[in-house]
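Notes for the one structure printed next.
What follows is calculated from the coordinates using simple rules that are stated; it is not laboratory data. The shown structure was predicted, so the numbers you read here are calculated from the model rather than taken from an experiment. Positions of Cβ are backbone-derived with ideal geometry, glycine not excepted, and every protein chain shown enters the neighbour counts.
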Amino acid sequence: MNDLALKAAENLSKIRESNPLVHNITNYVVMNYTANALLSLGASPVMAHAENEVEEMASFAGALVLNIGTLSDPWIRAMVSAGARARSLGTPVILDPVGSGATALRTRTATRLIWEAGVTLIRGNASEILSLQQAGSRTRGVDAVDTVEEAAAMASALATELGATIAITGPEDIVTDGARTAKIRGGHPLMARVTGTGCTATAITGAFAAVDPDPFTAACSALAFFGMAGQKAAENTSAPGSFMIALLDALYTLTPEELHTGCAMDVIGSGPKEQRP
Amino acid sequence: MNDLALKAAENLSKIRESNPLVHNITNYVVMNYTANALLSLGASPVMAHAENEVEEMASFAGALVLNIGTLSDPWIRAMVSAGARARSLGTPVILDPVGSGATALRTRTATRLIWEAGVTLIRGNASEILSLQQAGSRTRGVDAVDTVEEAAAMASALATELGATIAITGPEDIVTDGARTAKIRGGHPLMARVTGTGCTATAITGAFAAVDPDPFTAACSALAFFGMAGQKAAENTSAPGSFMIALLDALYTLTPEELHTGCAMDVIGSGPKEQRP
Amino acid sequence: MNDLALKAAENLSKIRESNPLVHNITNYVVMNYTANALLSLGASPVMAHAENEVEEMASFAGALVLNIGTLSDPWIRAMVSAGARARSLGTPVILDPVGSGATALRTRTATRLIWEAGVTLIRGNASEILSLQQAGSRTRGVDAVDTVEEAAAMASALATELGATIAITGPEDIVTDGARTAKIRGGHPLMARVTGTGCTATAITGAFAAVDPDPFTAACSALAFFGMAGQKAAENTSAPGSFMIALLDALYTLTPEELHTGCAMDVIGSGPKEQRP
């Protein structure tokens, strides 16, 4: 716990010192806001999706973030190419499976990216993450996940199955790599009233993964940081528009020291490992 | 009048209680702002344009909003497919004919969507709406529309011709379904200094149409609400950037009671019906 | 100098009086912000990229702005078509070569647009502008440009080579048409923490070029104005989110008189002309 908080503070300092380049292939709705969030935090965002440049761009980046919020076929091909290049270079690939489970295209694309684009880390809400379970998986379905502990157990099994770290965000966030599981408190209800805060959490996770080779601690750090920024933003605002702007400000002003002393993370028991037949 | 104001307040309450899903196929410029406006208001926006998922997405939605602000061929095809699916399910389809009349592509696409995508309700400015008149229509041209009353008469005839409710926004808004016509006062000049306020009016109309099966009262409610939000936003701001943010805040804070007592709507005489040869 | 400041003030007044239409074919990330910046300033933005309408749209515009920040092939074709039409009508074409030099696609596209789309004026940062030098150029490379004066000399030679006015923005801005070179001070470090401020500088340059037939004085005016707006925005904000909004406000509130008396521009010696073999 104290170790995780210290790591979070160290990671934030590293981002502010090294300004890692985060390559985003993301949806139209959130491009502007996530780019601004990364700049406020101290990272260097680049948005590029053309099939004839994504491999080159991905090769410069400290992390690659793939977000399926507004899909079309050329974008899917670009995500696969960029992901494969990034993975071949050891660059972390972070997936946001926006709306996976809602339409067949999204569920299929998220699954395809996990296997073909070499995804290291997945950040979504509970229903998106649950949709990634294979049909034959023994893990229980969404209606069986009533508590944070049950969600953690499901996510832990899925992380092992997919070979990727999984972060589920919600009123409480869960991060697991199958072996380790942490629970993170923070954030504010107004975050749900601003479009793209989930996508922004994913992009910020990319920035932390660019400076921290351990996806588990990178994701814990990122979500603890983003949650605290949300709380700070809500101190002086009470409606979504001004909150959205105050959140960008908080990403800029929140210090490693504040993060170290203020974040609330617990390592909790890891869930049962997937039993394969 | 009092009936309309009461209906507006009831509709706003319904949105805040049921958070209707509004599916938007809209332009790149305003995607973020309209999604935030819908969230602030209390609706649930989804932006999706891929041809291979729009029908599925439209089938979940309480309303479908089509906006031609940044067109290309695949998007047009997606709008037609999504609109046809929505209409077949009885889901209201709201069209924003951005720039219709300015280029041939836009005028042609707006007209095509009206006939092929089953549009229920059209929201535009006066010149966009006028451009939708068929070449052979006996309705008078834009240069003959000098007063709000003349615009109302033209719009009423066009609503009958197209079989859709029409909302014209401007210094005063007009809503007509051919049989009923209302005039709505509100808004603020700074709204014209923020990109996408027209598109946002259309998206908000979608949210109201999702909870009100009568397109006429849905559009009146939406425009009265948006106009009052604009006035409220201008109370403490005097420049476009801070106004834009205050407007999102006002969409969140404006109550049904404020809307009921504060909105300014009049039912006015409906214009002459279209005389077909 | 005083002449340039007076010209800047006159140009700003002209924009506020005539609201010139600026046609942007620009990247997804900045579309909303640059449209809002143009509206705040007093111009009329239109964003349109469909191949089957860009020529028509460009023919109405006072200036055409091409920005390669998020490229794909149909957009490149649209930029070439729109540029050719604009140039044939004597309409200024302003290029923002975002990321030129970073990937082969961007460098190639920027160069192609300069030659095929009839670019009048190019606005970029130092490395983007340097990437536009032809392989055989005698101008020195980026590692030889240590001072503003050296950058000015390089840019002046390149302006002559390309037959276009060049504006390099940075801590100090340089504008040159080969014959005349000016240095402009202003701006604020927070501008680098908001995505798209460079793109916005380019779009604003488009608005000034729409009212001033001399690309050199148009660019000087635009950058002096934008730099002062950045300084004004920083007076009451100290973090990127609120600065971003205050910057839009400042584009609206900054007066021609303030610009006349407050801007800091110097005509400096023009660099050595390109010696062709």
**Message:** Tell me the relative contact order for chain C as a rounded percent, counting alpha carbon contacts under 8 Å between residues six or more apart.
**Reply:** 23
**Prompt:** When Lys and Arg each count +1 and Asp and Glu each count -1, what net charge do the other residues less than 12 Å away from A:Ala82, Cβ to Cβ, add up to?
**Reply:** -2
**Request:** Give me D for region C:55-195 in µm² s⁻¹, whole number, from Stokes-Einstein with Rh from the Kirkwood sum over alpha-carbon pairs, 25 °C and 0.890 mPa s.
**Result:** 159
**Local net charge near B:Phe216, Cβ-Cβ under 15 Å (Lys/Arg +1, Asp/Glu -1)** = -3
**Message:** Treating only the Cβ of Lys, Arg, Asp and Glu as charged (+1, +1, -1, -1), what charge dipole size does chain A show about its Cα centre? Round to the nearest 20 debye.
**Reply:** 400
**Asked** In whole Hz, what ³J(HN,Hα) sequence does region C:44-57 give by Karplus (6.51, -1.76, 1.60; θ = phi - 60°), x for Gly and Pro?
**Response** 10, x, 9, 10, 8, 9, 5, 4, 8, 9, 5, 5, 5, 5
**Prompt:** Taking H as built 1.01 Å from N, whose amide H comes closer than 5 Å to the amide H of A:Ala264, not counting residues under 5 places away?
**Reply:** A:Arg185
**Asked** Simple spin-label model, 7 Å along Cα-to-Cβ: C:Asp73 to A:Leu6 in nm?
**Response** 5.5
**Request:** Have a look at A:Ala179, A:Thr197, A:Leu95 and report the one farthest towards the positive end of the charge dipole of region A:2-268, computed about the Cα centre with Cβ charges (Lys/Arg +1, Asp/Glu -1).
**Result:** A:Leu95
**Asked** Given +1 on the Cβ of Lys and Arg, -1 on the Cβ of Asp and Glu, and no further charges, what dipole in debye does region B:157-252 carry about its Cα centre, rounded to the nearest 20?
**Response** 220
**Asked** Rounded to the nearest 20 Debye, what is the dipole magnitude of the protein assembly as shown about its Cα centre when Lys and Arg each give +1 and Asp and Glu each give -1 at the C-beta?
**Response** 1020
**Fill in**
Any residue on another chain or 5+ positions along whose placed amide H is under 5 Å from the amide H of B:Thr70 is listed here as B:Asn27, B:Tyr28
**Message:** Given N residues in the protein assembly as shown, what is its alpha carbon radius of gyration divided by 2.2 N^0.38 Å?
**Reply:** 0.94
**Request:** First select every other residue whose beta carbon is under 11 angstrom from the beta carbon of B:Ala50; then total the charges, Lys and Arg +1, Asp and Glu -1.
**Result:** -3
**Prompt:** Mind ordering B:241-248, B:93-100, B:155-162 by average Cβ neighbours within 10 Å, highest first?
**Reply:** B:93-100, B:241-248, B:155-162
**Complete:** Note: chain B at 25 °C, 0.890 mPa s; Kirkwood Rh on alpha carbon pairs; Stokes-Einstein D in µm²/s works out to 135
**Prompt:** Which distance in nm do the two modelled labels at B:Thr147 and A:Ser59 give, with both placed 7 Å along the Cα-to-Cβ direction?
**Reply:** 7.1
**Request:** Could you work out the mean count of beta carbons from other protein chains within 10 Å of each residue's beta carbon in B:242-253?
**Result:** 6
**Selection from C:Gly118, C:Leu254, B:Ala167, by position along the positive dipole direction of the protein assembly as shown (Cβ)** = C:Gly118
**Message:** Distance cut-off 26 Å, Cα to Cα: go down the list C:Lys14/C:Lys232; B:Lys183/C:Lys14; C:Lys183/C:Lys232; B:Lys14/B:Lys232; C:Lys7/C:Lys183; A:Lys232/B:Lys14 and report the pairs above it.
**Reply:** B:Lys183/C:Lys14; A:Lys232/B:Lys14
**Prompt:** Between region B:223-245 and region C:230-266, what's the alpha-carbon centroid distance in Å?
**Reply:** 22
**Request:** Read phi for every residue in region A:149-154 and hand back ³J(HN,Hα) as whole Hz from Karplus 6.51 cos²θ - 1.76 cosθ + 1.60, θ = phi - 60°, with x for Gly and Pro.
**Result:** 5, 5, 4, 5, 5, 4
**Request:** List every residue whose amide H lies under 5 Å from the amide H of C:Ile122, counting only residues 5 or more places away in sequence or on a different chain, with H placed 1.01 Å from N in the peptide plane.
**Result:** C:Leu95, C:Thr165, C:Ile166, C:Ala167
**Prompt:** Ranked from highest to lowest mean number of other Cβ atoms within 10 Å per residue, what is the order of the peptides A:249-255, B:109-115?
**Reply:** A:249-255, B:109-115
**Item:** Whole-Hz couplings from phi, Karplus 6.51/-1.76/1.60, listed for region B:23-39; x for Gly and Pro
**Value:** 8, 10, 10, 9, 7, 4, 5, 10, 3, 5, 5, 5, 4, 5, 4, 5, 5
**Asked** Which values of log₁₀ I(q)/I(0), to two decimal places, follow from the Debye formula for region C:157-263 at q = 0.10, 0.11, 0.15, 0.19 Å⁻¹ with a uniform point scatterer at every Cα?
**Response** -0.27, -0.33, -0.60, -0.92
**Prompt:** What is the P(r) of region B:89-134, as percent of Cα-Cα pairs per 5 Å bin from 0?
**Reply:** 5, 25, 35, 22, 8, 4, 1
